[in-house]
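Pasting a structure here, questions to come.
What follows is calculated from the coordinates using simple rules that are stated; it is not laboratory data. On a predicted model such as this, the values are computed, not experimentally measured, just so you know. Cβ sites come from the backbone with ideal geometry, for glycine too, and all protein chains shown count toward neighbours.
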Amino acid sequence: MKNIAIITKFLSTAAMVATVATLVSACSDDKPKAPAASAPVTTQEAIKKDHNPNPWDHSGETPVTENQKHKFEQQFADQCVKRETEHAGEGADSSQFNKPCACIAQYMAKNLTPQEAEKFLDEHENPHSLEIKYENAAFHCLQQQQPPHDPDFSRKQ
């Protein structure tokens, strides 16, 4: 007997819930639907448009201009000479650092991305990618010489 009463209550509750759910989902707003202005965008097209499958591919970006590269080379070489002169101590001649620092700056400017140029020239920051390029350029330019001191790539607080 108890089982029949429980089953009856359960079925009546389930029927009420189903009825309410049907009524709520069948209700619609009074506003007419606006016609689509353009063709609907599929999920695949949206993914292609918003997501670059290869984040290392910079071929679609605007390249760094020669003027920006030249400014980068000058500023980076000046920083390098200043840093090396300070680390060498008194009596050091800055002219001995001009050639290696210019080589490093020129080597780094070859593969400079627009984001790196903006960070370095406009925001006066050194992104991690520039640190990697610096180490590679220093190795390339100074294989037979004493490498210069690393620039301070730590974040300023």
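Give me SER129, SER12 sorted ascending by neighbouring Cβ count inside 10 Å, so fewest comes first. Don't skip to the answer; put the middle values down first.
On the way: SER129 14, SER12 10.
Ranked by crowding around the Cβ, least crowded first: SER12, SER129.
With all distinct Cα pairs included, what does the Kirkwood hydrodynamic radius of the range 66-141 come out to in Å, to one decimal, could you say? Present the calculation step by step, with values, prior to reporting the outcome.
Details: mean 1/r = 0.0793 Å⁻¹.
Computed over Cα pairs of the range 66-141, the Kirkwood hydrodynamic radius comes out at 12.6 Å.
Separate question: May I have the count of lysine pairs in the range 65-123 with C-alpha atoms under 19 Å apart, counting pairs 8 or more residues apart or located on different chains?
Value for the range 65-123: 10.
A follow-up question, please. Could you sort 87-99, 116-128 so that the peptide with the highest average Cβ count within 10 Å comes first and the rest follow in order? Write out the running numbers ahead of the final one.
Working: 87-99: 11.5, 116-128: 14.8.
Descending packing order for the listed peptides: 116-128, 87-99.
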